[in-house]
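None of the figures in this text is laboratory data; all of them are computed from the coordinates on show. A quick note: this is a predicted structure, and the numbers were derived from the prediction, not measured. Ideal geometry is used to build each Cβ from the backbone, glycine not excepted, and the neighbour counts take in all protein chains shown.
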Amino acid sequence: MSSTASNTSTASNTSTASAASTTTDYDLIVIGGGPVGENVADYATKQGARVAIVESELVGGECSYWACMPSKALLRSGNAIRAAKRLPGAREAITGDIEAGAVLARRDEFVSDWRDDGQVEWLAAAGIDLIRGFGTLTGAGRVSVDGRNYSARAVALATGSVAVVPQIPGLAEARPWGTREITSADHVPQSLIILGGGVAGVEMAFAFAALGSRITVLSRGSLLGREEPFAGELVANALAAEGVDVRIGVSLTRVDRGGDGNVAVTLDSGDTLHASEMLVATGRKPAILGLGLEGLGIDPKLPVDDTMRVDGADWLYAVGDVNGRSLLTHQGKYQARAAGEAIAARLRGAPVHDAAWGRHVATADHAAVPRVIFSDPEVAAVGLTERQAREADAEVSTVEYDLGKVAGAALHADGYAGRAKLVIDEARGVLVGATFVGQDVAELVHSATVAIVGEVPLDRLWHAVPSYPTMSEVWLRLLETYRSERAAL
Ligand SMILES: Cc1cc2nc3c(=O)[nH]c(=O)nc-3n(C[C@H](O)[C@H](O)[C@H](O)COP(=O)(O)OP(=O)(O)OC[C@H]3O[C@@H](n4cnc5c(N)ncnc54)[C@H](O)[C@@H]3O)c2cc1C
Ligand SMILES: NC(=O)c1ccc[n+]([C@@H]2O[C@H](COP(=O)([O-])OP(=O)(O)OC[C@H]3O[C@@H](n4cnc5c(N)ncnc54)[C@H](O)[C@@H]3O)[C@@H](O)[C@H]2O)c1
């Protein structure tokens, strides 16, 4: 759906536009040079804005060096070996153990040995200035970087997020690993206790179990608690099959690191577990410390509209992890594409297409956020879970199918174990959520994203014929099941 003129607002509505560009150092200063900041800058620059990025660490951000890239590099070899072991003929060809050193070396390549030269070159080629240092807001359109002062007509915060570490007696003193330490580890600990059964905890459990570590996962609730319950169950079963000790519903009363360097973790049951290392992966929060928000009377929660403009501060934008809407690189980059172009449009007084699904808004944040957990089985989901849809008061029905019964999946791996589920808004006759769990289902989720964003009626979806014999045939089986279940009502 495209926006019409009546769906637009113009920069003349904002004081941003009234600032004279010649009186400021830049049109836009972006604080934070992660994937999101880079995209805000790039999209604004392509629309003619003069842009600088302020970065205190490495250009490329958390995702490039301590999150998405290294974690996926660490997972890939173990997943490939397990996949081969599920196939006669391939299984017999695996005669040795995983080579941890080679996996770590490949990870090092993917993080460019924690050097950002390549990204810096890209910024220069894109015509974006780089200001190294820590950025603080000192006024409307005013940024101080380690004592140097800059001005801009607009400022975008893209400072990402930081780990949340729970208050547990002895935990901080025990110097546990966070996701930064585990994704940049130069060795594989003999044994590892992971606190947190969320996305990062689960992925690192698979990665380091495959690399030879003896793993215990401590989770206060079910694994992957934000997804459909069967996702966490299938993943917990698979971890157990890998020899991982998964403990659900536990909490910690104390953590100590002994003189031998090992960690001792005391549970509320009174049991004490020992390991050579501990990872804390208990969630993240927006990185706003030191930005100077309070001094300027800006709500530190950074509430934004769908162009990512901060409520009550028309010169300020907050994009990506820092606005807390969705802590995922692809979704943050989507916000960045909208925000970068919206900022540039406002600055030059051009129309801003800010109606739902317009060019300058991140409408999909509300309806169709895809997420993939690179465990084995993978979990790939988009939109609402059944629980979320019911909480939203939608007239909901669901349909599920055993992925192992799909010919393409059975061919893909012997004993294929997986499940798929659709969540349907009956009033509109469209899909509002989908979840796939199984080996190599990550690539299936985009089909569901397209169906949700396009609001494709289920009757029309019936005509989207999946190829035989692919795993996509699960769509046909789901729709057949849905039809027969509805007919039986
Ligand atoms: C272990 C792990 C694995 C992940 N895997 C995936 C994945 O597979 N797929 C996925 O989509 N998402 C993944 N994520 C989430 C993803 O990393 C984030 O959503 C993404 O990095 C957010 O991008 P960003 O640009 O908003 O923030 P960041 O990548 O955090 O970048 C923010 C940048 O701002 C800089 N900065 C902060 N404050 C200042 C300041 N005041 N002045 C100057 N610079 C500043 C920082 O140094 C940093 O470079 C993962 C996260 C973790 C922890
Ligand atoms: N594949 C991916 O896309 C990917 C991979 C890793 C991380 N991420 C992103 O990074 C973010 C952070 O990952 P994460 O796994 O740290 O967060 P998360 O929110 O996914 O999981 C945190 C887990 O820690 C638990 N927890 C929180 N406080 C606790 C406490 N005091 N004691 C015990 N358990 C506690 C929660 O119940 C939850 O299970 C995620 O939200 C996700 O968006 C994405």
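Listed values, structure above:
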quantity	calculated
Residue exposure sequence - Arg387, Arg309 - by fewest surrounding Cβ within 10 Å	Arg387, Arg309
Long-range amide H partners of Glu378 with built H, under 5 Å	Gly438, Gln439, Asp440, Val441
Calculated over the stretch 436-489: convex hull of Cα atoms, volume per residue (Å³)	95
Least to most buried among Val361, Val36, Val399 (fewest other Cβ within 10 Å first)	Val399, Val361, Val36
Order of Asp299, Asp314 under a 10 Å beta carbon neighbour criterion, fewest first	Asp299, Asp314
Fully extended contour minus Cα-Cα distance, from Ala163 to Thr95, at 0.36 nm per residue	20.5 nm
Ile248-Asp268 pseudo-label distance in nm [points 7 Å out on the Cα-to-Cβ vector]	1.6
Phi to ³J(HN,Hα) by Karplus 6.51 cos²θ - 1.76 cosθ + 1.60 over the stretch 216-226, Hz, x for Gly, Pro	10, 9, 10, 10, 6, x, 5, 5, 6, x, 7
Among the listed pairs Lys85/Lys333; Lys72/Lys405; Lys46/Lys421, those beyond 31 Å (Cα-Cα)	Lys85/Lys333; Lys46/Lys421
Amide H contacts of Val246 (H built 1.01 Å from N, under 5 Å, at least 5 apart or other chain)	Val217
Selection of trypsin sites (Lys or Arg not before Pro), the stretch 38-72, meeting DSSP coil and at most 16 other Cβ within 10 Å	none
Alpha-carbon centroids, the stretch 153-205 and the stretch 315-361: separation in whole Å	28
Derived scalar couplings ³J(HN,Hα) [the stretch 75-87; Karplus, 6.51 cos²θ - 1.76 cosθ + 1.60; whole Hz; x for Gly, Pro]	7, 4, 5, x, 5, 5, 5, 4, 4, 5, 5, 8, 10
Amide H contacts under 5 Å for Gly141, placed H, 5+ residues apart	none
HN-Hα J in Hz across the stretch 364-373 - Karplus 6.51, -1.76, 1.60, θ = phi - 60°, x for Gly and Pro	4, 3, 8, 10, 8, 8, x, 9, 10, 9
